[in-house]
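Student: Encoded as structure tokens, here's the structure I'll be asking about.
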Amino acid sequence: MAIRPVYSTSNGKVIKNEYEFQWFAGFSLAQKQRSIVALHNAVKTANKKATPLEISTKGIIDLGVKLSAFNLKLNGYTLENIFQSSKVFSNGGPYRDLLDVSPKESKRDDRLHISGALLGFNYSGIDFPLEPKTVFYDYIYINAVKQTLLPEEIEKIKGYTHFTDIEFNPQRSINTQAKSVAIIRLMLELYNEIPSFDVSDFIRFHSEVVKC
């Protein structure tokens, strides 16, 4: 058995609930998808009207695969490269050259581990704080979705109520594309589009509505 967080919207907020489900060990796509089905069945058992969507390359539904961070780019760069190259530490960074290596190389660069405490992020000359948590990741993810997907594809997100990411383990990371898509779902509820927030407005919106 395993426990994973699932993200949804309620009363104008993004919320998280945890669900226990049968885990199918193994690295094959088939095993990952069996685990996804088990997690989604747990969600639907607890919420009779739930329509869950897996957000990852392991997903069964095409929309969820398209929404995987691995399939999104922002201004021509992968989200992993943008995220790592924007980190500002007490003794260095941001390391812009990490934009021009592979995503794996950017994540494993030694400087990210020897430059002191993480202070925040700087992207396109704009500073992002560490609080509210995940605000920078959510910002670049949501803008990448807006650049990459067609408006009619983004509109389809409204057809789903709960969002999962089978690979996300909250014990190892805080950022998850499932939460980012739940934020998009809430934006579509409130504004019928992804608004063109500037950074300060996005940070304020994030702090007000993301409760997980």
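Student: Of all residues being buried (at least 16 other Cβ atoms within 10 Å of the Cβ) and in contact with a strand residue (DSSP E or B) (Cβ under 6 Å, 6 or more places away or on another chain) in region 3-12, which is farthest from residue 49 (Cα to Cα)? Just the residue, please.
Tutor: Start the filter on region 3-12 by keeping residues that are buried (at least 16 other Cβ atoms within 10 Å of the Cβ), which leaves 4-9.
Those still in the list that are in contact with a strand residue (DSSP E or B) (Cβ under 6 Å, 6 or more places away or on another chain) too: 5-8.
On the way: 5: 18, 6: 15, 7: 15, 8: 13 Å.
Out of the qualifying residues, it is 5.
Student: Can residue 179 be described as in contact with a Cys (Cβ under 8 Å, 6 or more places away or on another chain), in a helix (DSSP H, G or I) and modelled with pLDDT of 95 or more?
Tutor: So residue 179 passes the test.
Student: Looking at region 100-124 only, could you name the residues that are charged (D, E, K, R), more than 30 Å from residue 197 (Cβ to Cβ) and in a helix (DSSP H, G or I)?
Tutor: Those that are charged (D, E, K, R), more than 30 Å from residue 197 (Cβ to Cβ) and in a helix (DSSP H, G or I): 104, 105, 108, 111.
Student: Turning to a different aspect of this structure: Looking only at residues in region 188-211 that are free of Cβ contacts under 8 Å to residues at least 24 places away in the same chain and part of a helix (DSSP H, G or I), which one is most open to solvent (accessible area, probe 1.4 Å)?
Tutor: 204
Student: Determine if region 51-64 includes at least one residue that is modelled with pLDDT of 95 or more, part of a strand (DSSP E or B) and open to solvent by 20 Å² or more (accessible area, probe 1.4 Å).
Tutor: No, because not a single residue in region 51-64 is modelled with pLDDT of 95 or more, part of a strand (DSSP E or B) and open to solvent by 20 Å² or more (accessible area, probe 1.4 Å).
Student: Can you tell me which of 138, 127, 97 is in a helix (DSSP H, G or I), under 24 Å from residue 200 (Cβ atoms), of a type in the set (Asp, Glu) and modelled with pLDDT of 95 or more?
Tutor: Details: 127 fails: in a helix (DSSP H, G or I); 97 fails: under 24 Å from residue 200 (Cβ atoms).
Checking each option against the conditions leaves just 138.
Student: Could you please let me know if residue 86 is over 20 Å from residue 181 (Cα atoms) and either of a type in the set (S, T, N, Q) or surrounded by fewer than 21 Cβ atoms within 10 Å (Cβ to Cβ) (or both)?
Tutor: Answer is yes for this residue.
Student: Next question. How many of the residues making up region 13-49 are over 17 Å from residue 3 (Cα atoms) and surrounded by fewer than 16 Cβ atoms within 10 Å (Cβ to Cβ)?
Tutor: Count: 7.
Student: Go through region 141-173 and count every residue that is among the β-branched types (Val, Ile, Thr), open to solvent by 50 Å² or more (accessible area, probe 1.4 Å) and either without any contact (Cβ under 8 Å) to a residue 12 or more places away in the chain or in a loop (DSSP other than H, G, I, E, B) (or both).
Tutor: Matching residues across region 141-173 total 0.
Student: Same structure, new question: Every residue in region 38-61 that is charged (D, E, K, R) and touching a helix residue (DSSP H, G or I) at 6+ places or on another chain (Cβ under 9 Å), please.
Tutor: 54, 58
The values are calculated or read from the model by the stated rules, or taken from the named source; none is laboratory data. Fair warning: this is a prediction, and the values are worked out from it, not measured in the lab. Every residue, glycine among them, receives a Cβ derived from its backbone with ideal geometry; neighbour counts consider all protein chains shown. Ligands, DNA and RNA are stripped out before the accessible areas are found, and what is left, the full protein with its side chains, is counted by its heavy atoms. Shrake-Rupley method; radii C 1.70, N 1.55, O 1.52, S 1.80 Å.
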